[in-house]
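Read-outs throughout are calculated quantities, based only on the coordinates presented, and are distinct from any laboratory measurement. Model, not experiment: these values are computed from the prediction. Every residue, glycine among them, receives a Cβ derived from its backbone with ideal geometry; neighbour counts consider all protein chains shown.
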Amino acid sequence: MTAHGKIHNQKKYVDTVIALYIQLPDTPLKPSYNDRLTASGFFAQKIPVNTIEAALMLASLRRRARQHDQPPLAPVRSLAYFVPAVQEVAASTLPEEYIQYLRLKIRNFSAR
C-alpha cells in the first residue's frame, strides 16, 4: 500500500476492503459474492483504501450513535450498505487525526 492507501493489485485491494468490512460490528462474519463485487467496484473507481476504511468506520459509528430509546437496527447484510458513506467521504478530505479518532471509537465499541 502506498502512503495514500492505494493498492494497485485488484485482489489485494478487494481482500483488504473485505477484511475492513467484516471486522466492523454488526456485519457478517463471511463476505458474500456481492460484497466482493462492491469492493471490486470501489477498485474500478480508484477509491483509496483509507477512504473506504474511514467511510466504513463513520457509517458504523453513526449506526451505533442512535438514541437509546430507538429500536435497534438490523445487522448489516451487505457491503453495499456503506456505498453512500463511501461516496460522502470520497467527496471530502478527512484529516488523518479524524481517521485515528474513528479507529479509536470503533475499537471502544468493539471492546464492549
Residue check: is Arg77 basic (Lys, Arg) and either touching a strand residue (DSSP E or B) at 6+ places or on another chain (Cβ under 6 Å) or in contact (Cβ under 8 Å) with a residue 40 or more places away in the chain (or both)? yes
Hey, can you tell me all the residues within the stretch 21-48 that are in a helix (DSSP H, G or I) and surrounded by fewer than 19 Cβ atoms within 10 Å (Cβ to Cβ)? Ile22, Tyr33, Asn34, Arg36, Leu37, Ser40, Gly41, Ala44
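Rundown of residues vs (1) part of a loop (DSSP other than H, G, I, E, B); (2) within 20 Å of Ala19 (Cβ to Cβ); (3) hydrophobic (A, V, I, L, M, F, W, C), yes/no style:
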site: Asn50; (1), (2), (3): no, yes, no
site: Glu53; (1), (2), (3): no, yes, no
site: Leu56; (1), (2), (3): no, yes, yes
site: Pro72; (1), (2), (3): yes, no, no
site: Phe82; (1), (2), (3): no, yes, yes
site: Thr93; (1), (2), (3): yes, no, no
Conditions (1) charged (D, E, K, R); (2) under 13 Å from the mean Cα position of the chain (by Cα); (3) assigned to a loop (DSSP other than H, G, I, E, B) -> Arg103 fails only (3)
Within the stretch 60-71, is there a residue that is touching a residue at least 24 places away in the same chain (Cβ under 8 Å) and on the phi > 0 side of the Ramachandran plot? no
Could you tell me whether any residue of the stretch 2-20 is under 13 Å from the mean Cα position of the chain (by Cα), under 14 Å from Val89 (Cα atoms) and assigned to a helix (DSSP H, G or I)? no
Report yes if Tyr21 is in contact with a Pro (Cβ under 7 Å, 6 or more places away or on another chain) and among the hydroxyl-bearing types (Ser, Thr, Tyr), otherwise no. yes
